[in-house]
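One structure, as structure tokens, below. Some questions next.
The values are calculated or read from the model by the stated rules, or taken from the named source; none is laboratory data. Just so it is clear, the structure is predicted and the values come from calculations on it, not from any experiment. A quick note on method: Cβ atoms are made from the backbone with ideal geometry, for glycine too, and the neighbour counts reach across all protein chains shown.
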């Protein structure tokens, strides 16, 4: 039995070739799950590879929660004013509106998954605060290349 539908055909299985690739100041992004690909309203999944010396400086998501899951390397993860060096297999949970950042202060690339929810929300995706107090005093901001 088939069900008639007029909805767009979305992906159920996502291969490396299906991921949307983008480059940001802090690293290479493979977007593996987002509304345009899967029709999701609840989940975004992006795999980020961050070169040494780079970082996604202090920012927050006004309407999204986030999970960072380390795959490879070491990530200097901040959640609020707390800092932890994440190792492969470790996770950070970031509630919405909580300032956070991830930095690669090692000499090797770091790769992590960022999972955000909901996928669709009103307002900006993120707000940078790395030049604002107290964040600039916790970790000196740097110019993105």
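Of all residues in the stretch 104-131, which are closer than 19 Å to residue 89 by Cβ and touching a strand residue (DSSP E or B) at 6+ places or on another chain (Cβ under 7 Å)? Break it down stepwise before answering.
Initially, the stretch 104-131 is screened for residues closer than 19 Å to residue 89 by Cβ, giving 104, 106, 108-115.
104, 109, 110, 111, 112, 113, 114, 115 - these are the residues of the stretch 104-131 that are closer than 19 Å to residue 89 by Cβ and touching a strand residue (DSSP E or B) at 6+ places or on another chain (Cβ under 7 Å).
Let me ask something additional. Scan the stretch 90-145 for residues that are within 18 Å of residue 45 (Cα to Cα), touching a helix residue (DSSP H, G or I) at 6+ places or on another chain (Cβ under 9 Å) and without any contact (Cβ under 8 Å) to a residue 60 or more places away in the chain and report the count.
1
From (1) exposed (fewer than 13 other Cβ atoms within 10 Å of the Cβ); (2) at pLDDT 95 or above, pick out the condition that doesn't hold for residue 145.
(2)
Conditions (1) touching a strand residue (DSSP E or B) at 6+ places or on another chain (Cβ under 6 Å); (2) assigned to a helix (DSSP H, G or I), marked per residue:
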position	(1), (2)
49	yes, no
52	no, no
58	yes, no
69	yes, no
89	no, no
133	no, no
137	no, yes
140	no, no
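Return the only residue of 105, 117 being more than 24 Å from residue 36 (Cα to Cα) and either under 19 Å from the mean Cα position of the chain (by Cα) or exposed (fewer than 12 other Cβ atoms within 10 Å of the Cβ) (or both).
105
Check residue 62 against each of (1) more than 12 Å from the chain's Cα centre (by Cα); (2) in contact (Cβ under 8 Å) with a residue 24 or more places away in the chain; (3) exposed (fewer than 15 other Cβ atoms within 10 Å of the Cβ); (4) closer than 20 Å to residue 22 by Cα and name the one condition it does not meet.
Against the list (1) more than 12 Å from the chain's Cα centre (by Cα); (2) in contact (Cβ under 8 Å) with a residue 24 or more places away in the chain; (3) exposed (fewer than 15 other Cβ atoms within 10 Å of the Cβ); (4) closer than 20 Å to residue 22 by Cα, residue 62 comes up short only on (4).
Quick one: in the stretch 15-41, of everything that is assigned to a loop (DSSP other than H, G, I, E, B) and more than 15 Å from the chain's Cα centre (by Cα), which residue is surrounded by the fewest Cβ atoms within 10 Å (Cβ to Cβ)? Step through it out loud before you land on a result.
If we filter the stretch 15-41 for residues that are assigned to a loop (DSSP other than H, G, I, E, B), which is where we start, we get 15, 19, 25-26, 34, 39-41.
Of the ones still in play, those that are also more than 15 Å from the chain's Cα centre (by Cα) are 15, 39-41.
Working: 15: 8, 39: 14, 40: 17, 41: 11.
The extreme case among them is 15.
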